[in-house]
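Reviewing the structure listed below.
The values are calculated or read from the model by the stated rules, or taken from the named source; none is laboratory data. Computed from a prediction, not measured in an experiment: that's the story for all the values here. Every residue, glycine as well, gets a Cβ built from its backbone with ideal geometry; the counts of neighbours run over all protein chains shown.
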Amino acid sequence: MAELFHGTTPEGLVVENGIVRDGKACEGEIRIPDGCTEIASQAFYQNKKLTGLYIPDGVKSLGRYTVNGCLNLTYVRVPESVEKMGEGALVKKIDSNFGFTHVVETKEYYPEIRCKEGCYVDLAFQEMKKKDGWKDSHSMEHIIQFSYE
C-alpha cells in the first residue's frame, strides 16, 4: 500500500494523512501530490488564483463544493479512481438573479472536466443531464464541458 502524503507542499497545499484539506493559497495550475486519497469539502473554496487542477490516480473522493468560487479555474483532471463526489463537488460558480417572488434564472458553471469516458464522474454527469431534462432546457441551467482522455 502506498504511503499517504502528509504536510504542506511548496505550492501551499495543506495535506493531512492523504486528505487535501486546504488549497486556498495555491496559484496557477496545481497538481495534487501522489499518495492523496481524498479532497476535503471546500478545499479550494473562493481561490480566484487557481487556474487548473490535476487530480492524480488514487484519489477516491471529492468533497462538497471542492472548487466552488474558483472563478478562474479552467479545467479539472479527474482520475478513474474517483468513486464518490459530494454535492456540487465540481461547481465553479453559481449565478442567481432573484425576482420579487422567485429565482428568475440559476446557472451552475463547471470548469472543463478532463476524464476517461465511462468513468464514475462521466457517468454521474450523464445521469444528471438525463434527470434535469438537459436537452429540453431553455435556461441552460448547467454549463459543463467534457474532454475525454
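Any idea how many residues of region 92-116 are part of a loop (DSSP other than H, G, I, E, B) and modelled with pLDDT under 90?
The first filter runs over region 92-116 and keeps only residues part of a loop (DSSP other than H, G, I, E, B), leaving 92, 99-102, 110-111, 116.
Filter once more, keeping what is modelled with pLDDT under 90: 92, 99-102.
Residues in region 92-116 being part of a loop (DSSP other than H, G, I, E, B) and modelled with pLDDT under 90: 5 in total.
A quick yes/no check of all residues on (1) surrounded by fewer than 12 Cβ atoms within 10 Å (Cβ to Cβ); (2) at pLDDT 60 or above; (3) among the aliphatic types (A, V, I, L, M); (4) not in a helix (DSSP H, G or I):
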position: Glu87; (1), (2), (3), (4): yes, yes, no, yes
position: Leu90; (1), (2), (3), (4): no, yes, yes, yes
position: Gly118; (1), (2), (3), (4): yes, yes, no, yes
position: Phe125; (1), (2), (3), (4): no, yes, no, no
position: Lys129; (1), (2), (3), (4): no, yes, no, no
Where a residue in region 125-147 is farther than 15 Å from Tyr109 by Cβ and its partner, wherever it lies, is modelled with pLDDT of 80 or more, with Cβ under 7 Å and at least six apart: Ser147/Glu112; Ser147/Arg114
Scan of region 21-57 for residues that are more than 18 Å from Arg114 (Cβ to Cβ), part of a strand (DSSP E or B) and not basic (Lys, Arg), ordered by number: Asp22, Glu38
Only listed residue being in contact (Cβ under 8 Å) with a residue 24 or more places away in the chain and either surrounded by 15 or more Cβ atoms within 10 Å (Cβ to Cβ) or on the phi > 0 side of the Ramachandran plot (or both), chosen from Val20, Val15, Val59: Val59
